[in-house]
Amino acid sequence: MEKFDVVVIGGGPGGSDCAIRLAQRGKKVAIVEQKFFGGTCTNVGCIPTKALLHASGLYAGIKERGKRLGLSGELSFDLNGMKKHMERSVMMSRKGTEALLKKNGVSIIKGTACFDKDSFYIEESGELLKGEYFVVATGSKPRIPEPLKVEGLWSSDDVFTMESIPESIVIIGGGVIGIEMATLFSNLGSSVTVVEMMNRLLPAEDIDVSKTIEKSLSRRGIKILLSTVVEKIEKQEKFNIVLNDKSELVSDRVLVSIGREPVIPRGLEKALSTERGAIVTDENFRSSIPNILAIGDVRGKVMLAHVASAEGIAVAEKLSGKESEIAFNAFPSVVYSTPEVASVGIKEGESGLKKGLRSFIFPMSANGRANTMGEREGFVKLIVNDKNIIVGGSLIGAHVSEIMMEVVLAVKKGLTLEDLTSTIHPHPTIAEAIRDAAEGLEGNPLHI
């Protein structure tokens, strides 16, 4: 095999963007992909989940608010039709990634990369991979503890091959994936129970977000069990789930969504430093082997597609001799629940804000656009320091994922309240709630 300047292992968002940017910088680049381009995000994560959530959300939204909006008539859904929409979305993203790689001159190698005797090789052919540098971007997989591994149990990956909607489903884990899956199955009429070992849903989000999403999901009929641990699962005619208080749940399906674990190329875990199953890197993404770098989920840090992409671009720039830094204090996170959740920067915990910080919450019920849509749930919460610089924001409500970047830029660039309040926002829009929250922090809220 010919020698490359850089060989990228893994064709997900991080690996693909890294390879493309390297090629744009004049490097001779190859990318190794075991199966499909796009990684978890495109194939069994972001894209298929959002396709199903969008379709099911339209169905549930009309059922929930149709009468109020003057809509009536027979309404049903076709799971096969929804899955075809999902598959089209996945295929477009997958093919788009491969086309971009080819367009930029990246050499594509199909196969499984393994490591042995100081070298990477392709398992299927035995051919050695030759490169000055290697970037490992092999992602992650759902984590299922051994005691919970029962025949027929679902991870988030399995949802996309389901042939019918279960009448009942227990979801173990109330984090991002668990809440999105709870939303999906509730939209389509399943009886949903969420079991979370922590004392609140979305424990990584702002405390006010956790409280609001719990109330919202409960109103939609989702049963929520907090501070609860699943001790055992038995498969009989249905699933019997034994909880830590010795009570039992009975359900048609069980989905485990308690997190993900890094996937490291076979053999590499013995050659370099790892910690809790993840590759250890320095601030420049270099592993303990100097010419092997790692990005994305395999590092076990922030497991988000857009963060993996940012890391991939940063590594490409560094290997091209350019300076590149990532603002890890300003990466956005989004939960595509109903209502949506979006956040960035500092969040308030159960013990309140630290000294020198203050916040203001502007409710969506006072936002004109939210009222026209019948989407009154949620709020915009901004956090500032003692210099009135915006250091955090948490939003919950309809379409907040689409307006979040204003707050992300504010945190990244250290914008002040005046920067937001002096900027004209179009009316009526959900984005006006950001300015309204800023005005509240200035002590002069106009619309509440």
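The values are calculated or read from the model by the stated rules, or taken from the named source; none is laboratory data. This structure is a prediction, so every number in the text was calculated from the model and none was measured. Note that we place each Cβ from the backbone using ideal geometry, even for glycine, and neighbour counts take in every protein chain shown.
May I ask you to list pairs of residues, at least six apart or on different chains, whose Cβ atoms are under 7 Å apart, with the first in segment 155-179 being touching a residue at least 24 places away in the same chain (Cβ under 8 Å) and closer than 14 Å to residue 222 by Cα and the second being assigned to a loop (DSSP other than H, G, I, E, B) and of a type in the set (Gly, Ala, Ser)?
From residues that are touching a residue at least 24 places away in the same chain (Cβ under 8 Å) and closer than 14 Å to residue 222 by Cα, the pairs are 167/190; 168/190; 169/190; 171/257; 172/257; 173/257; 178/257; 179/337.
Just the residues that are in contact with a Leu (Cβ under 7 Å, 6 or more places away or on another chain) and either surrounded by fewer than 21 Cβ atoms within 10 Å (Cβ to Cβ) or in the same structural domain as residue 216 (by TED's automatic domain parsing) (or both), please, taken from segment 359-374.
Result: 374, single match.
Results for (1) assigned to a loop (DSSP other than H, G, I, E, B); (2) surrounded by 22 or more Cβ atoms within 10 Å (Cβ to Cβ); (3) without any contact (Cβ under 8 Å) to a residue 40 or more places away in the chain, shown as yes or no for each residue.
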{"residue": "242", "(1), (2), (3)": "no, no, yes"}
{"residue": "261", "(1), (2), (3)": "no, no, no"}
{"residue": "288", "(1), (2), (3)": "yes, no, yes"}
{"residue": "303", "(1), (2), (3)": "yes, no, no"}
{"residue": "313", "(1), (2), (3)": "no, no, no"}
{"residue": "317", "(1), (2), (3)": "no, no, no"}
{"residue": "323", "(1), (2), (3)": "yes, no, yes"}
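Which condition from (1) free of Cβ contacts under 8 Å to residues at least 60 places away in the same chain; (2) surrounded by fewer than 18 Cβ atoms within 10 Å (Cβ to Cβ); (3) among the β-branched types (Val, Ile, Thr) is the one that residue 47 breaks?
Against the list (1) free of Cβ contacts under 8 Å to residues at least 60 places away in the same chain; (2) surrounded by fewer than 18 Cβ atoms within 10 Å (Cβ to Cβ); (3) among the β-branched types (Val, Ile, Thr), residue 47 comes up short only on (2).
Residue by residue through segment 354-374, note down the ones that are farther than 19 Å from residue 210 by Cβ, in contact (Cβ under 8 Å) with a residue 24 or more places away in the chain and outside any strand (DSSP E or B).
Passing the criteria: 356, 366, 367, 368, 369, 370, 372, 373, 374.
Could you say which residue among 243, 319, 272, 249 is in contact with a Ser or Thr (Cβ under 7 Å, 6 or more places away or on another chain) and in the same structural domain as residue 135 (by TED's automatic domain parsing)?
Values: 243 fails: in the same structural domain as residue 135 (by TED's automatic domain parsing); 319 fails: in contact with a Ser or Thr (Cβ under 7 Å, 6 or more places away or on another chain); 249 fails: in the same structural domain as residue 135 (by TED's automatic domain parsing).
Every option except 272 fails the conditions.
Which condition breaks for residue 135 when tested against (1) surrounded by fewer than 18 Cβ atoms within 10 Å (Cβ to Cβ); (2) of a type in the set (A, V, I, L, M); (3) over 20 Å from residue 230 (Cα atoms)?
(1)
List the number of the failed condition for residue 77; all other conditions in (1) assigned to a helix (DSSP H, G or I); (2) surrounded by 14 or more Cβ atoms within 10 Å (Cβ to Cβ); (3) of a type outside the set (Ser, Thr, Tyr) hold.
(1)
Would you be able to tell me the number of residues in segment 167-185 that are surrounded by fewer than 21 Cβ atoms within 10 Å (Cβ to Cβ) and over 18 Å from residue 44 (Cβ atoms)?
Qualifying residue count, segment 167-185: 2.
Just checking, does segment 24-37 include any residue being closer than 23 Å to residue 291 by Cα and in a helix (DSSP H, G or I)?
yes
Within segment 375-400, how many residues are among the polar types (S, T, N, Q) and either buried (at least 18 other Cβ atoms within 10 Å of the Cβ) or part of a strand (DSSP E or B) (or both)? Don't jump to the end; show me each part of the working.
Of the residues in segment 375-400, the ones among the polar types (S, T, N, Q) are 385, 388, 394.
In the following step, the residues that additionally are either buried (at least 18 other Cβ atoms within 10 Å of the Cβ) or part of a strand (DSSP E or B) (or both) were identified as 394.
Final tally of qualifying residues: 1.
Just the residues that are under 18 Å from residue 335 (Cα atoms) and not in a loop (DSSP other than H, G, I, E, B), please, taken from segment 401-448.
Hits for segment 401-448 are 401, 402, 403, 405, 406, 407, 408.
Is it the case, given these coordinates, that residue 255 is at pLDDT 95 or above and either over 24 Å from the mean Cα position of the chain (by Cα) or buried (at least 21 other Cβ atoms within 10 Å of the Cβ) (or both)?
Answer is yes for this residue.
Only one residue in 16, 56 is in contact (Cβ under 8 Å) with a residue 40 or more places away in the chain, crowded, with 22+ Cβ neighbours inside 10 Å and under 30 Å from residue 130 (Cα atoms), so which one is that?
16
Select from segment 62-83 the residues that are under 20 Å from residue 181 (Cβ atoms) and either of a type in the set (A, V, I, L, M, F, W, C) or under 23 Å from the mean Cα position of the chain (by Cα) (or both) and list them in ascending order.
77, 79, 82, 83
Residue check: is residue 343 touching a Ser or Thr at 6+ places or on another chain (Cβ under 8 Å) and either in a strand (DSSP E or B) or of a type in the set (A, V, I, L, M) (or both)?
yes
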